[in-house]
1. Taking the condition in a helix (DSSP H, G or I) and hydroxyl-bearing (S, T, Y), does T10 pass?
2. May I ask you to list the residues in the stretch 166-194 that are open to solvent by less than 50 Å² (accessible area, probe 1.4 Å) and touching a strand residue (DSSP E or B) at 6+ places or on another chain (Cβ under 7 Å)?
3. Do we find a residue being open to solvent by less than 60 Å² (accessible area, probe 1.4 Å), outside any loop (DSSP other than H, G, I, E, B) and of a type outside the set (F, W, Y) anywhere in the stretch 85-94?
4. Within the group D72, D29, D102, which residue is charged (D, E, K, R) and within 16 Å of the chain's Cα centre (by Cα)?
5. Is the stretch 148-155 home to any residue that is under 30 Å from E215 (Cα atoms) and open to solvent by 30 Å² or more (accessible area, probe 1.4 Å)?
6. Please go through the stretch 107-132 and give me each residue that is in contact with a Gly (Cβ under 9 Å, 6 or more places away or on another chain), open to solvent by less than 10 Å² (accessible area, probe 1.4 Å) and not in a helix (DSSP H, G or I), ordered by number.
7. Would you please list the contacts, defined by Cβ atoms under 7 Å and residues six or more apart or on different chains, that run from a residue in the stretch 60-71 that is more than 21 Å from P203 (Cβ to Cβ) and without any contact (Cβ under 8 Å) to a residue 24 or more places away in the chain to a residue that is open to solvent by 70 Å² or more (accessible area, probe 1.4 Å) and of a type outside the set (V, I, T)?
8. In this structure, is F57 within 30 Å of D213 (Cα to Cα), open to solvent by less than 40 Å² (accessible area, probe 1.4 Å) and touching a residue at least 12 places away in the same chain (Cβ under 8 Å)?
Amino acid sequence: PRMRVVHWRTLADTGRLPRWPQDAALVLDFADLLEAWIARQDAYGKVDGRIVCLSMFSHRWETPTAPDTPADLKARSLARYGEIGTCAVFPEHRFDYFFWIDYCGVHQDDHLAKTLGAAKLPLYGASVVEILFFFTPEYEARAWTRLERAIGYVYAASPMFVYLDAQYLALSQPPNLAELCASHACFGRDAKTGGLTMAINDPLSGALTDESDRELLRKMLRMLRASAPINAKLKASYAARAYG
């Protein structure tokens, strides 16, 4: 399957997550997008003052058939994130955000195509700069969301994880890290910097809607465990950072 992405402005205009293949007109082929970008970019790689940036969106579906909340909080949060267009690592630049989202990029009707799209997750993860995850109380316990973060840790070049939740749109204040860590065991605080840390628990012990997916998870996890992270700074500590 091709890598299909959604532009933040599409989410802002529609106010919802497009569904593949019904909403094909709202979804972009990423390889074609890059070719068009290169044709238009200036000497600094920018188009209209922004740098192209691809992010993977990890989330727990609200129901087996509905990925977003009734108020479309996920679509609206991603649209807002893209509109702001900033990055904590490179605050001097603005970025044009495109998102890989399972509902928009993987075939939702054809079982074989859907399985092939899921199997290609490691390659999708190797193509992104960051992993955005929409945190809810049910998020961490899911097998797929654990695997997506593990893929980001091993294969994303950064890797950078961006925390979003239902309060993101308010933008009134950042999350209360002490409360977050006290409420959810997967989060902690770095002893030196005080920053947020995140454990990636074993995907195979996570919950699945379809138990037939577990063997596919097992194969991908075996591949992940046999791979050192692409980011050189992580390689030295990888052995001590087993899942869980």
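The values are calculated or read from the model by the stated rules, or taken from the named source; none is laboratory data. Every value quoted in this text rests on a predicted model; they were computed, and no experiment measured them. All Cβ positions, glycine included, derive from the backbone under ideal geometry; neighbour counts span all protein chains shown. Quick note on the areas: whole protein, heavy atoms, side chains included, nothing else; ligands and nucleic acids left out. Shrake-Rupley method; radii C 1.70, N 1.55, O 1.52, S 1.80 Å.
1. On the way: in a helix (DSSP H, G or I): yes; hydroxyl-bearing (S, T, Y): yes.
So T10 passes the test.
2. L180, C181, C186, F187, G188
3. Quick first cut of the stretch 85-94, residues open to solvent by less than 60 Å² (accessible area, probe 1.4 Å) only: 85, 87, 93.
Retained after the next criterion (residues that are outside any loop (DSSP other than H, G, I, E, B)): none.
No - not one qualifying residue is present in the stretch 85-94.
4. Values: D72 fails: within 16 Å of the chain's Cα centre (by Cα); D29 fails: within 16 Å of the chain's Cα centre (by Cα).
Being charged (D, E, K, R) and within 16 Å of the chain's Cα centre (by Cα) holds for just one of D72, D29, D102, which is D102.
5. Step one: of the stretch 148-155, the residues under 30 Å from E215 (Cα atoms) are 148-155.
Of the ones still in play, those that are also open to solvent by 30 Å² or more (accessible area, probe 1.4 Å) are 155.
Yes, the stretch 148-155 has at least one match.
6. Within the stretch 107-132, the subset in contact with a Gly (Cβ under 9 Å, 6 or more places away or on another chain) is 107, 117, 124-125, 128, 130-131.
Narrowing the set further to residues that are open to solvent by less than 10 Å² (accessible area, probe 1.4 Å) leaves 117, 124-125, 128, 130-131.
V128, E130, I131, listed by residue number.
7. If the second residue must be open to solvent by 70 Å² or more (accessible area, probe 1.4 Å) and of a type outside the set (V, I, T), no pairs are left.
8. Details: within 30 Å of D213 (Cα to Cα): yes; open to solvent by less than 40 Å² (accessible area, probe 1.4 Å): yes; touching a residue at least 12 places away in the same chain (Cβ under 8 Å): yes.
Against the criterion (within 30 Å of D213 (Cα to Cα), open to solvent by less than 40 Å² (accessible area, probe 1.4 Å) and touching a residue at least 12 places away in the same chain (Cβ under 8 Å)), F57 qualifies.
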